[in-house]
1. Residues being closer than 20 Å to THR87 by Cβ and open to solvent by 40 Å² or more (accessible area, probe 1.4 Å): count how many of those fall in region 14-26.
2. Output the number of residues of region 1-41 satisfying the condition of being outside any loop (DSSP other than H, G, I, E, B) and among the hydrophobic types (A, V, I, L, M, F, W, C).
3. Where residues in region 61-84 are more than 17 Å from PHE12 (Cβ to Cβ) and without any contact (Cβ under 8 Å) to a residue 40 or more places away in the chain, which of them is most open to solvent (accessible area, probe 1.4 Å)?
4. In region 42-60, which residue that is among the hydrophobic types (A, V, I, L, M, F, W, C) and in a helix (DSSP H, G or I) is farthest from PRO15 (Cα to Cα)?
Amino acid sequence: MREARPDLIINFFEPLTGIYALTCRHRPPVVAVAHQFMYGHPDYVRAPGMRLQQLGMKWYVQLVGAASTRLALSLYEAPDLPKKHLTVCPPILRPPAF
């Protein structure tokens with residue numbers, strides 16, 4: 001990072017980037033992109049049970065997106081959450097061709 005001096009860091013769900021964003025004060029902005037960021041959205045459809053696994057996933061998703069602007073790739077429409085620095089990208093699938 002010191003050598004390349006990028007204007008922006010794009011994180012595709014890499015935890016080391018989250019750790020870097022937490023520990024380095026003087027850094028470019030970080031944008032984290034992943035469908036897993038929908039996990040923190042209130043409209044996310046959760047499966048019943050498996051509470052320990054869900055807690056672990058929640059912690060991991062928070063680490064990956066730490067100190068970053070998050071772009072959640074979604075399979076369904078959901079509102080953005082500006083207070084959580086979460087932007088929801090609407091479905092990127094093409095409409096069916098009939």
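The values are calculated or read from the model by the stated rules, or taken from the named source; none is laboratory data. Model, not experiment: these values are computed from the prediction. Because the Cβ atoms are built from the backbone with ideal geometry, glycine has one as well, and the counts that use them run over all protein chains shown. Protein only, heavy atoms only, side chains kept; ligands, DNA and RNA dropped before computing areas. Shrake-Rupley method; radii C 1.70, N 1.55, O 1.52, S 1.80 Å.
1. Here is the first cut: in region 14-26, the residues closer than 20 Å to THR87 by Cβ are 14, 17-18, 21.
With the extra rule that they be open to solvent by 40 Å² or more (accessible area, probe 1.4 Å), the set shrinks to 14.
Of the residues in that region, 1 qualify.
2. Of all residues in region 1-41, those outside any loop (DSSP other than H, G, I, E, B) come to 9-11, 15-23, 30-40.
Those left that are additionally among the hydrophobic types (A, V, I, L, M, F, W, C): 9-10, 16, 19, 21-22, 30-34, 37-38.
Residues flagged as outside any loop (DSSP other than H, G, I, E, B) and among the hydrophobic types (A, V, I, L, M, F, W, C) within region 1-41 amount to 13.
3. Our first condition is that a residue be more than 17 Å from PHE12 (Cβ to Cβ); within region 61-84, this holds for 75-84.
Still in the running and without any contact (Cβ under 8 Å) to a residue 40 or more places away in the chain: 76-77, 79-80, 82-83.
Values: TYR76: 77, GLU77: 137, PRO79: 74, ASP80: 78, PRO82: 104, LYS83: 196 Å².
Per the stated criteria, the residue is LYS83.
4. Initially, region 42-60 is screened for residues among the hydrophobic types (A, V, I, L, M, F, W, C), giving 45, 47, 50, 52, 55, 57, 59.
Cutting the leftovers down to in a helix (DSSP H, G or I) gives us 52, 55, 57, 59.
Details: LEU52: 20, LEU55: 16, MET57: 12, TRP59: 11 Å.
By that ranking, first place goes to LEU52.
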